[in-house]
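Asker: I have a structure here, written as structure tokens, and I will follow up with some questions on it.
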Amino acid sequence: MKAPDHVLSTAMGLPPRVSEPASFASRSLHRNGLALVASSGLSSLLGVAYWAIAARTTGPASVGENSALLAAMLTVSTLGQMGLGSSLVTYLPRSGNPTRLVRNTYLVAVGTSLVLALLLLAASVSVRTPLVGLRTPALAVFFVVAVAGWTIFTLQDNVLTGLRRAIWVPFENVAYSLIKIALLLVWARSMGGYGIFVAWVIPALILIPPISGAAFLRFIPNRALVAEAKAGTEMPFVRYAAGDTIGSFLGLISTTFIPVLVTWKLGATANGFFYVPWTLAQSLDLLSVNFGMSLIAEGARQANQARLLGGLLAGRMLLVVLLLVVVGMVAAPWVMAVFGSGYSANATPVLRVLLLGSLVRSYNTFGLSLARAELKPMRIVAMQSTVATIVLGGSFIGMGTIGIMGPAVAWLAGQVGVALVANLVSTAPRLRLG
């Protein structure tokens, strides 16, 4: 009698192949995706409350200065991660030693983040930058700690997603948001004028030990994932991560770096008016980003189902995002009024343009997720280089003529350009509604 495939694979020293039914993969995809979306939705609502409190208790200049510092911290941390977060989601299902993979990823990302943070501190002392607060020793030390902590705080969500444990992410992020708001109420006008920044960082540092501790001690049994590893992985982790790192860097300068650019060119007050609608639009983007991460995790397990699942998911999500964009564009003046009359007058058109960009970005996000699930890093680079070129160049030009509307228009143009490139390199999902 012929031995089962998994017995032969084990005897040969190869990881066994596992074929999950498409229906199971779809259920897992939606379950983990919904958990991540619930996390983003709750976090976004609490985030609106956070920035509303910050705007009401301080002024636009304080919001702009703190948000520039936050953007710098996020930029440095994301650069230090080098795209390894999505690589973790892609390769954890393939790994025979997930503990080592996660541990080494943490070490490399944190080490790189710290080097970049120190370089930024050196630059802030010797070169004129909008981050004048970093010349204060206490804030400089805290900034370095914040960068390292945020790197781990971000990566641990990718670990949970890759392990199909995304159900825990909403609990973590809601706890983070509630602690953040509580600290803001106490520190908004204190901490040397940087209470907004400090209140943002401290809860992340608090939540690292319980979440990463649970991941290493409970969710990552050293050999349990061997049954899910795939024989004959098409590309080694290091080679894939190198390409994804380039793509992540290019994507970074078109997202988290933009508020720093606005502060540098137009000043802290202008960035205060830009950053609030930018944050709201980025919160909407998290809907597709989180479902995209779930698609990467499932596509790594069922590569032959990735495009089918991606097309179904993208079609359904675009309908949801379209509805939210229409509602957001109509309600934009009232939404901005929550932050103050100055925001309603200056930020309403910015929010509307950014929301249109979010609609196109949802489509692009699933294209990027498919490229990651299929281990196609050069497709990622092609898409991200397009958006970086258009957004960065357009922002520089636009701010000189139409102020804070410049980056918003460049963001929309960049997303349209990426959609065109995605179709040219066969990365765009073929939309399906059922």
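Asker: Quick one: is S362 among the small types (G, A, S), closer than 26 Å to R307 by Cα and in contact with a helix residue (DSSP H, G or I) (Cβ under 9 Å, 6 or more places away or on another chain)? If you could, list the steps in order and put the result at the bottom.
Answerer: Details: among the small types (G, A, S): yes; closer than 26 Å to R307 by Cα: yes; in contact with a helix residue (DSSP H, G or I) (Cβ under 9 Å, 6 or more places away or on another chain): yes.
So S362 passes the test.
Asker: Go through the range 332-346 and report how many residues are part of a helix (DSSP H, G or I) and either at pLDDT below 70 or open to solvent by less than 30 Å² (accessible area, probe 1.4 Å) (or both).
Answerer: Counting residues in the range 332-346 that are part of a helix (DSSP H, G or I) and either at pLDDT below 70 or open to solvent by less than 30 Å² (accessible area, probe 1.4 Å) (or both) gives 4.
Asker: Right, here's the next one. Give the number of residues within the range 121-174 that are under 27 Å from V260 (Cβ atoms), of a type in the set (S, T, Y), at pLDDT below 85 and in a helix (DSSP H, G or I).
Answerer: Going through the range 121-174 one residue at a time, the tally reaches 2.
Asker: Is it the case, given these coordinates, that S344 is over 19 Å from F249 (Cα atoms) and free of Cβ contacts under 8 Å to residues at least 60 places away in the same chain?
Answerer: yes
Asker: Is at least one residue of the range 102-110 modelled with pLDDT under 85, touching a Ser or Thr at 6+ places or on another chain (Cβ under 9 Å) and crowded, with 16+ Cβ neighbours inside 10 Å?
Answerer: no
Asker: What residue, among those in the range 84-101 that are small (G, A, S) and in a helix (DSSP H, G or I), is surrounded by the most Cβ atoms within 10 Å (Cβ to Cβ)?
Answerer: S87
Asker: For the range 118-157, which positions are surrounded by fewer than 19 Cβ atoms within 10 Å (Cβ to Cβ), among the small types (G, A, S) and either over 21 Å from S62 (Cβ atoms) or in contact with a Pro (Cβ under 9 Å, 6 or more places away or on another chain) (or both)?
Answerer: A122, A123, S126
Asker: Return the residue satisfying two criteria in turn: it lies in the range 65-83 and is farther than 17 Å from V144 by Cα and surrounded by 24 or more Cβ atoms within 10 Å (Cβ to Cβ), and of such residues it is farthest from the chain's Cα centre (by Cα).
Answerer: Filtering first and then ranking leaves E65.
The values are calculated or read from the model by the stated rules, or taken from the named source; none is laboratory data. None of the values given here were measured: they were computed from a predicted structure. Every residue, glycine among them, receives a Cβ derived from its backbone with ideal geometry; neighbour counts consider all protein chains shown. Side chains are part of the model used for accessible areas, which takes the heavy atoms of the whole protein and leaves out ligands, DNA and RNA. Shrake-Rupley method; radii C 1.70, N 1.55, O 1.52, S 1.80 Å.
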